[in-house]
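Participant: Here it is, the structure, as structure tokens.
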Amino acid sequence: MSIDAERFRTELLQERERVQAAIANLRESHPGTLDDEVKEVRAGSDSHVGDTATARLGREIDYTLEENSEQVLAEINAALKRIEDGTYGLCAVCDKEIAPERLEAYPWASLCIDDARKAERG
Ligand SMILES: [Zn+2]
């Protein structure tokens, strides 16, 4: 076993703090819902459509980010659990070791690159 699980645990904990802060930040800057803003766009005058559309686009990106962050957060928590269980660094599908360079890039990875690609294809 060549994987330094303790080092990855530290990295995962740091990453988790960063992601949690990002999610809190996104929620704080956008407490409303996207639906409300769409109504505002429809009710607004033509001269403001450009500005509002730009604002809405930024908002949609933030929503995607939040969704993404929550996904990463769940994966980080799952990875920390795998460290506890002693299965960290092993592919959840084929049980082979995940390539170290993949873990460097995605410390929360639960699949080897082959199975991750298969999963993406569905
Ligand atoms: Zn695999």
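Participant: Check the range 79-96 and report whether any residue there is of a type in the set (Phe, Trp, Tyr) and modelled with pLDDT under 95.
Facilitator: Within the range 79-96, not a single residue is of a type in the set (Phe, Trp, Tyr) and modelled with pLDDT under 95.
Participant: Among the residues of the range 82-104, count how many are within 22 Å of Val19 (Cα to Cα) and within 16 Å of the ligand (Cβ to nearest atom).
Facilitator: Summing the residues that are within 22 Å of Val19 (Cα to Cα) and within 16 Å of the ligand (Cβ to nearest atom) in the range 82-104 gives 6.
Participant: Could you tell me which of the residues Ala74, Ala79, Ala119, Ala109 is closer than 19 Å to Phe8 by Cα, free of Cβ contacts under 8 Å to residues at least 40 places away in the same chain and within 16 Å of the ligand (Cβ to nearest atom)?
Facilitator: Residue meeting the stated conditions: Ala109.
The values are calculated or read from the model by the stated rules, or taken from the named source; none is laboratory data. Quick caveat: nothing in here was measured; it's all calculated off a predicted structure. FYI the Cβ positions are ideal-geometry reconstructions off the backbone, even for glycines, and counts take in every protein chain you see.
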